[in-house]
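The values are calculated or read from the model by the stated rules, or taken from the named source; none is laboratory data. What you are looking at is a predicted structure, and each value in this text was computed from that prediction instead of being measured. Every residue, glycine among them, receives a Cβ derived from its backbone with ideal geometry; neighbour counts consider all protein chains shown.
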């Protein structure tokens, strides 16, 4: 019983810590919560949690294989991820949010789209594996002596930890939605989009430069 409690606490912590940094996915989640309501932001977080779970599974199943792949292709992966962020940043800059309505209820199709984009944006940052590895080591998960059900419990609570984080964030952000006008939301979109665009262009340039250097074209 003590082992299971330890796994639950440790893996819940892993899920929260993986989701907590306010990177591109966090910004997207906040922006969608302000624009389209809490569910839009939460489903974006659901997609991110699914991507985190995938990377956790890959890391747990073969740390050395995964890290070798990332290290061998880090420049290409950085460039690809930057391109995806550039596209999203441009969308944020040119998008004019319609209105902020208290009872806004996006359709099921919108929820699916939000989850899918959250998943792929998070997936575009494979460097998260280098956060997962020390977290797994810190919380001693998974251990060789664990049974199969221990592993299932652990990964389940990693997802629950991530979902708990996105639930809290979207709840808090949703509380201040009424204080935002259309113009203020558009201003936030442009500011955040511009910041993302600059960071993404930097990542694209450095990733491409590193890759060209590796193949001796520079």
**OP:** Give just the number: which of (1) assigned to a helix (DSSP H, G or I); (2) modelled with pLDDT under 80 does residue 170 not satisfy?
**Re:** (2)
Original post:
Just one of 119, 141 is crowded, with 16+ Cβ neighbours inside 10 Å, modelled with pLDDT of 80 or more and over 22 Å from residue 24 (Cα atoms); which is it?
Top reply: 141
Original post:
Quick check: anything in segment 203-212 in a loop (DSSP other than H, G, I, E, B) and either touching a helix residue (DSSP H, G or I) at 6+ places or on another chain (Cβ under 7 Å) or modelled with pLDDT of 80 or more (or both)?
Top reply: no
**OP:** Determine which member of the set 25, 9 is surrounded by fewer than 18 Cβ atoms within 10 Å (Cβ to Cβ) and assigned to a helix (DSSP H, G or I).
**Re:** 9
Original post:
Out of curiosity, is residue 43 at pLDDT 85 or above, crowded, with 19+ Cβ neighbours inside 10 Å and under 30 Å from residue 213 (Cα atoms)?
Top reply: no
